[in-house]
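In what follows, a structure is listed as structure tokens, so that the remarks can point back to it.
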């Protein structure tokens with residue numbers, strides 16, 4: 001049947017009015033906002049980067065300042081002063097005592113690659129007493145030795161280089177060196193060398209970046225690299241940065257940013273070290289900041305909506321009567337009754353709408369049944385999506401550790417860590433199964449603890465105390481590992497003493513109770529409340545969580561999705577004493593869950 005398409009039809013009225021209004025809206029919005037959209041986004045990101053760079057400079061200066069305090073403690077040590085002035089009179093016992101103290105400094109901090117004191121008479125005091133000096137190495141000819149002597153008591157900070165003074169120790173380091181003068185007569189006694197690993201500088205640089213691919217690197221005052229997250233690629237000339245343009249930008253006070261067509265470079269200088277910290281932001285990351293544009297569009301759209309509403313209200317009044325009749329019939333859906341409209345008088349559009357409504361009602365019962373099946377699929381999909389959020393950075397750090405141990409010829413440790421990593425991921429994959437036995441979960445978390453224990457040396461101990469009677473019961477895979485990760489990174493890593501992690505498991509009636517406790521930093525009451533809200537509250541009420549906090553929240557949500565609202569995590573903590581996370585699960589076997 002041929003239908004009339006005139007202005008009197010509902011379709012033509014709505015189409016004509018709204019086409020004109022929408023076209024006008026888009027035209028006005030683009031006319032107003034196009035000129036400042038890109039600049040606003042770019043300036044916002046660059047200004048934010050400049051603020052973050054200032055914070056990063058402060059943190060790096062604080063870190064180097066702490067290293068200088070360590071240098072002060074060593075230089076002012078009376079026993080070291082006495083030994084350097086009278087090495088023969090001091091004797092072997094004094095030498096052993098000093099080197100043990102230097103070794104303790106290295107042991108207490110995970111960011112020190114080594115400590116060495118070189119006396120002017122050739123005397124050497126080492127923080128690693130068992131190591132030997134390379135026979136071809138002349139201490140007095142080392143750049144750090146000369147820089148310390150030339151600095152006349154000030155701290156000399158080097159660029160990154162491979163330290164090759166000691167046999168078997170060829171690590172990339174940044175060195176702090178300072179002359180040691182006699183407290184009695186002011187004569188030069190020797191030079192103190194403190195080698196810093198890149199781990200702490202790397203952590204600081206990675207913690208303050210904006211953008212998915214953004215990163216920071218550090219240059220000294222002459223444009224040499226102090227740190228770069230892709231250090232080996234830079235020194236191999238596989239990757240390069242426009243260092244010349246960056247230095248030129250720093251010399252020109254009227255320029256704050258350099259753009260090479262793909263990247264924005266922003267820099268800040270450290271007054272303490274003379275370093276230049278440079279932020280690199282990809283142009284593609286800047287286009288994600290559209291909130292101000294959206295607000296402008298919303299405001300203009302609201303004004304246009306009101307105007308359109310005034311004009312269309314009168315226009316629509318002549319065609320609302322059949323619509324109201326149709327509306328009354330459709331209200332039956334609210335009570336669960338699905339009445340058909342049948343024949344209705346009105347425009348072509350109203351009759352077509354009534355026909356489509358009848359088709360919809362006919363399909364409603366089929367859709368209800370399909371919806372049940374879709375909800376079950378969604379439930380499984382949500383579980384897999386939450387499980388996929390588990391942070392992959394652990395793999396990167398572990399592979400870095402394996403590479404480092406391989407370079408250090410620690411073959412047994414390489415085999416042990418690789419084996420633990422293989423076992424960890426084999427259980428993580430578990431042939432696509434979401435539920436595994438508690439025995440497998442214990443093996444999974446034990447592999448994770450083995451890797452972390454090797455990475456952090458004697459930073460912590462752990463104890464697994466799982467009742468053998470529950471070993472054959474089932475558990476969602478990757479339940480305990482995020483909680484142990486949280487205990488390490490948020491608890492034990494933050495304290496100076498050796499940490500202890502205890503994992504217990506037992507059955508209570510029809511439930512299984514796991515507890516992961518640590519003796520780490522702990523939380524005050526406010527921090528505990530924020531953690532609980534972040535893990536258990538609804539999405540719109542959740543507080544911001546760290547990466548480890550997100551892992552804990554994922555565990556809680558996965559348990560509730562799969563087993564119901566009565567299960568999940570609970571928390572207890574006391575500042576300075578540690579944290580306890582309790583996991584409640586139903587006691588089920590693989591047969592009973594199916």
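Separation between the residue 410 and residue 137 pseudo-spin-labels, each 7 Å from Cα along Cα→Cβ, expressed in nm?
1.9 nm
Between the alpha-carbon centers of region 137-154 and region 471-531, tell me the distance in whole angstrom.
Using only Cα atoms, the two centres lie 49 Å from each other.
Residues of region 460-495 with the amide nitrogen closer than 14 Å to a label point 7 Å from the Cα of residue 588, along Cα-to-Cβ, please.
473-477
Once the Cα gyration tensor of region 201-286 is found, what semi-axes does its equivalent ellipsoid get, as square roots of 5 times the eigenvalues, in whole Å, sorted largest first?
17, 17, 14
Calculate the FRET efficiency for residue 419 and residue 348 from the Cβ-Cβ distance with a Förster distance of 60 Å, rounded to the nearest 0.05.
0.20
How far apart, in nm, are the 7 Å Cα→Cβ label points at residue 107 and residue 20?
Going by the 7 Å Cα→Cβ label model, 8.6 nm.
Could you order the peptides 578-585, 458-465 from most to least packed, using the average number of other C-beta atoms within 10 Å per residue?
Final packing ranking: 578-585, 458-465.
Roughly what % of Cα-Cα distances in region 76-200 sit above 19 Å, to the whole percent?
Cα-Cα pairs of region 76-200 separated by over 19 Å account for 46 percent.
Neighbouring Cβ atoms within 10 Å as the yardstick, rank 529, 495 fewest first.
So the residues, fewest neighbours to most, are 529, 495.
Explain nothing, just the number: relative contact order of region 201-286, from Cα pairs under 8 Å at least 6 residues apart, as a whole percent.
So the answer I get is 33 percent.
Using Cα pairs closer than 8 Å and at least 6 residues apart in sequence, work out the relative contact order for region 411-538, in percent.
About 23 percent, as a whole number.
Run the numbers on region 128-201 and let me know its relative contact order in percent, using alpha-carbon pairs under 8 Å that are six or more apart.
Once divided by the residue count of region 128-201, the mean separation gives 27 percent.
Full extension from residue 426 to residue 567: what is 0.36 nm times the residue separation minus their Cα-Cα distance, to one decimal in nm?
Result for the pair: 48.1 nm of gain on full extension.
Across the Cα atoms of region 37-150, what radius of gyration and what greatest pairwise Cα-Cα distance (Dmax) are found, in Å?
20.7, 75
At 0.36 nm per residue, minus the direct Cα-Cα distance, what do residue 207 and residue 82 gain on full extension? Give it in nm, one decimal, please.
Contour length minus the Cα-Cα distance gives 40.7 nm.
Could you compute the FRET efficiency for residue 370 and residue 130, with r as their C-beta to C-beta distance and R0 at 56 Å, rounded to 0.05?
After rounding, the FRET efficiency stands at 0.20.
What's the extension gain from residue 355 to residue 457 if we count 0.36 nm per residue and subtract their Cα-Cα distance?
Difference between extended and current length: 29.4 nm.
Computed from the coordinates by the stated procedures, all read-outs in this text should not be read as laboratory data. Since the model is a prediction, treat every value here as computed from it, not as a measurement. Because the Cβ atoms are built from the backbone with ideal geometry, glycine has one as well, and the counts that use them run over all protein chains shown.
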